[in-house]
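The values are calculated or read from the model by the stated rules, or taken from the named source; none is laboratory data. From a predicted model like this one, the values you see are computed outputs, not experimental measurements. Glycine also receives a Cβ, built like all others from the backbone with ideal geometry; neighbour counts cover every protein chain displayed.
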Amino acid sequence: MAIKLVCDRCGAELDKREAIELALEGTAAWQASVRDRGDEPRGVFPCENYIRCRGEMIIREDKNGHKGGKTNKR
Ligand SMILES: [Zn+2]
């Protein structure tokens, strides 16, 4: 089953496999730095628009696959 990351503030989505894997690799370090400044992380990574939306990326299961969007199959 595919997963994607969705921002809990602005709704930005990350569904590229490599980008998700990269984010998940950095999750532990990022969450540690969030706790260091006294906050509790909500998601696994800061949103790409974090400066504007202060959102964090939440893992969602993408059960429907591609729904009316671009398909990136090769
Ligand atoms: Zn966002």
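Taking the range 1-15 as the range and being within 16 Å of the ligand (Cβ to nearest atom) and assigned to a loop (DSSP other than H, G, I, E, B) as the test, the residues that pass are D8, R9, C10, G11, A12, D15. A residue that is modelled with pLDDT of 95 or more, surrounded by 10 or more Cβ atoms within 10 Å (Cβ to Cβ) and in a loop (DSSP other than H, G, I, E, B) occurs somewhere in the range 55-66. Looking across the range 32-55, the residues that are within 12 Å of the ligand (Cβ to nearest atom) and of a type in the set (D, E, K, R) come down to R42, E48, R52, R54.
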